[in-house]
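Q: First the structure, which I've put down as structure tokens, then a few questions once you've had a look.
The values are calculated or read from the model by the stated rules, or taken from the named source; none is laboratory data. Fair warning: this is a prediction, and the values are worked out from it, not measured in the lab. Here the Cβ positions follow ideal geometry from the backbone for every residue, glycine too, while neighbour counts run over all protein chains shown.
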Amino acid sequence: MLITQMRTPRDATPSETIPHQSSRQTSSEQRPAAPYDGRRIKAAIVGTGAIAGSHLPALAALAAEGEVEVVAAVDIDAEAVKRFCAEGGIPHAYTDLDRMLTEQRPDLVSVCTPPTLHRAQTVAALRAGAWVWCEKPPVPSLADYDAVEAEEGLGGGPYASIVFQHRFGSGSRHVRRLIAEQAMGRPLVAHCQTTWYRNAAYYAVPWRGKWQTEGGGPAMGHGIHQMDLLLDLLGPWTEVRAMAGRLVHAVQTEDVSTALVRFESGALATVVNSVLSPDEVSRIRIDCERATVELTHLYGHSNDNWRVIPVPDAPAEDVAAWTNFGPDEPSSHLAQLRELVASMRAGERPRSSGADGRTSLELITALYKSAFTDTTVRAGEIGPGDPYYTALHGGAPGWAPATHEKEVPA
């Protein structure tokens, strides 16, 4: 991925909350709630590195259906953005974000840059009246997330949605409904696993493995997808107890973490995030009173990746209902983008935005605080004034960058 450091209308300092300004548009000055009737939604892509290769096909698919048109792409590398636009059939290439927002007035901006840039670029797009679809992890801290949310529209948008594509598709939709309706009984025990393998060459990329530029280690940059899906299925969590280690890689962040999570429902879960595991797998398992449901995949899932194992005496008609996932719609950027565009046209807040998009970042922040302070952390306790609110390392000795650690009182 190319690091796309672009000028914004008002440079934002990471981990400092952006207050509401008197110059911010009022609801009457913003675009109407649903201004897209009868026309295509104009989309732009910011950052033309590897992850943009997942956004562009999704946008192109909706363009073929007459829903969107991709009008521009932006990157500080002039040759890279020209090449990206030429290959993708995008008419306008830019190296300046402000200029693109002013000249093209996109309705939707896909942010595909490293995490440290997400806040400033998302805020710039929102202030220009565009909705935002931002790659995970959303921003490096809860303070940054709250600053972005403060810039969203006052009813009807624009809103900033996070790319959590594993929530979307027929499999997760079916299981979410079964659990919400307690069709298989109450959820009791869960396991959430993201055990992947990354070698030294992966961390040779300058922005990886550093708190300031990547935000965190595998809990933040890799396991966030499965943790977000677990929360989407099981609902609110109440407390977490965690450990983290730096066992192999010479990085600032962790390379493995484990956690125990209690949910509001009473269910208990284990969470494992690793980049040390040659046998790579992403897995969620939920044991309910009458059946176990399990998802096993790597980077995306379809109906075939889900299994339902009923108790021995489960009625056949119940088992048939539990295992009927319907027509297969794999998890994908396209599945989420399709729902996001529908929300734009309806003038409604999309899923994985606002409080709904914040849940996984709050759990990850609490995981780091628990691991680095050797305490149990409860939902809602990390806010302004807490060092973990502004940085996931929290200034912890042995974990915070050396320059930051010197600034934090012992």
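Q: Name the single residue that is surrounded by the most Cβ atoms within 10 Å (Cβ to Cβ) among those in segment 108-148 being in contact with a Gly (Cβ under 8 Å, 6 or more places away or on another chain) and within 17 Å of SER343 (Cα to Cα).
A: The residue in question is TRP131.
Q: Check SER332, SER265, SER282 and return the single one that is within 21 Å of GLN165 (Cβ to Cβ), hydroxyl-bearing (Ser, Thr, Tyr) and in contact with a Gly (Cβ under 8 Å, 6 or more places away or on another chain). Give the derivation first.
A: Values: SER265 fails: within 21 Å of GLN165 (Cβ to Cβ); SER282 fails: in contact with a Gly (Cβ under 8 Å, 6 or more places away or on another chain).
The conditions single out SER332.
Q: Cβ-Cβ under 7 Å, sequence separation 6+ or interchain: first residue in segment 82-111 and at pLDDT 95 or above, partner assigned to a helix (DSSP H, G or I) and charged (D, E, K, R). Which pairs?
A: Final answer for the pair search is ALA93/LYS82.
Q: Another one. Looking at LEU276, is it aliphatic (A, V, I, L, M), out of contact with any helix residue (DSSP H, G or I) (no Cβ under 6 Å at 6 or more places or on another chain) and closer than 20 Å to THR359 by Cβ? Reasoning before the result, please.
A: Numbers: aliphatic (A, V, I, L, M): yes; out of contact with any helix residue (DSSP H, G or I) (no Cβ under 6 Å at 6 or more places or on another chain): yes; closer than 20 Å to THR359 by Cβ: no.
Spelling it out, it is not the case that LEU276 is aliphatic (A, V, I, L, M), out of contact with any helix residue (DSSP H, G or I) (no Cβ under 6 Å at 6 or more places or on another chain) and closer than 20 Å to THR359 by Cβ.
Q: Restricting attention to segment 13-48, and to residues there that are small (Gly, Ala, Ser) and modelled with pLDDT of 95 or more, which single residue is farthest from LYS82 (Cα to Cα)?
A: If we filter segment 13-48 for residues that are small (Gly, Ala, Ser), which is where we start, we get 15, 22-23, 27-28, 33-34, 38, 43-44, 47.
Adding the requirement that they be modelled with pLDDT of 95 or more leaves 43-44, 47.
Values: ALA43: 17, ALA44: 14, GLY47: 12 Å.
Looking at residues that are small (Gly, Ala, Ser) and modelled with pLDDT of 95 or more, I get ALA43.
Q: Considering only residues that are in contact with a Cys (Cβ under 8 Å, 6 or more places away or on another chain) and within 23 Å of LEU367 (Cβ to Cβ), look in segment 162-185 and name the one that is surrounded by the fewest Cβ atoms within 10 Å (Cβ to Cβ).
A: ILE179
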